[in-house]
1. On full extension of the chain, what length is gained from residue 136 through residue 180, given 0.36 nm per residue of separation minus the C-alpha to C-alpha distance?
2. To the nearest 20 debye, what charge dipole does the chain have about its Cα centre, counting +1 at the Cβ of each Lys and Arg and -1 at the Cβ of each Asp and Glu?
3. Which label marks the calculated value of Kirkwood radius over Cα pairs in Å, given the options [x] 17.4; [y] 19.0; [z] 18.2?
4. Could you pull out every whole DSSP H run in the chain that spans at least 20 Å of Cα extent along its own axis and averages 0.0 or higher on the Kyte-Doolittle scale?
5. Take every Cα pair under 8 Å in the chain that's 6+ residues apart, average their separations, divide by the length, and report that relative contact order as a whole percent.
6. Any idea how far apart residue 129 and residue 15 come out in nm if each label point goes 7 Å out from Cα toward Cβ?
7. Obtain the nm distance between the two label points defined at residue 22 and residue 94 by a simple spin-label model: each point lies 7 Å from its Cα along the Cα-to-C-beta direction.
8. Would you mind getting me the FRET efficiency between residue 63 and residue 145? Use the beta-carbon distance for r and R0 = 22 Å, nearest 0.05.
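Read-outs: derived from the displayed coordinates by stated rules, not from any lab. These numbers were taken from a predicted model, which means no experiment stands behind them. Counting neighbours? That spans all protein chains shown, and the Cβs are built from the backbone with ideal geometry, glycine included.
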Amino acid sequence: MLYKLFLKGFGEVMKLLNRLERRFGRYAIRNLMKYVVVLYVIGMFIGTFFPLVYINFMMLDFRMIAKGQIWRLITWIIPVSSISDILFTAISVYFYYLIGNTLERHWGAFRLNLYFFSGIILNIIASFITYLITKQSLNNLSTFNFICHTMFLAFATLYPNVTFYIYFLIPVKAKYLAWIEVAIYLYYAVNYIVAGKYLYIIPMVVAFGNFLIFFFATRNYRR
């Protein structure tokens, strides 16, 4: 009985995705990851030359949004970093670019857009609810990265046997890297819980929740 309800529920979600794609697919942003790369470049520039600008004017702070700084609903997604981390950032961005382009070829531009922007919107909603309850705004510096990381989990479910080379030497299949990534985030989550820093878990849970919803909604359960 539960299994049939499970199939019916996610079957309806799949139908909804198909209807949305037919109606709004032409508005999807093509080559979305190209614009994500631009965001990382902008974030590095800001983090290097204007490090306080993000905290003072760009973070998703609902206290300041209530005072009229509504641009924060958009500017918080810029992943700020420093030029001192340029090598690590460049490798990460190139990796996300390849992963995102592969997902776009597999899913289509509309579904990649939906996956990416639903993660952003869900984080805004979760942050707003958290603010209403605790009167605290989340530190959003890592939220955008969580969304990109879960894109790799989506990639690993579609192409589990693709091999990556760690440090260009050690071959590891995507499915094992995905399990390692999940284990790392579970470790961080447990540490946050032990330390009483429950707010830090919210962006992580929302990002992984977005991945799970999209993953289960696109499975062929009858097969």
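1. On the way: separation 44, 0.36 × 44 = 15.84 nm, distance 3.14 nm.
Extra length from residue 136 to residue 180 when fully extended: 12.7 nm.
2. Computed about the Cα centre, the dipole is about 960 debye.
3. Correct label is [y].
4. Numbers: long enough: 2-24 (32 Å, -0.02); 32-49 (26 Å, 1.93); 86-107 (30 Å, 0.65); 109-134 (37 Å, 1.52); 143-158 (23 Å, 1.41); 174-194 (30 Å, 1.08); 201-217 (24 Å, 2.34).
What comes out of the filter, once short or polar helices are dropped, is 32-49, 86-107, 109-134, 143-158, 174-194, 201-217.
5. 23
6. 2.6
7. It works out to 4.3 nm between the two label points.
8. Details: r = 24 Å, r/R0 = 1.09.
Computed FRET efficiency for residue 63 and residue 145: 0.35.
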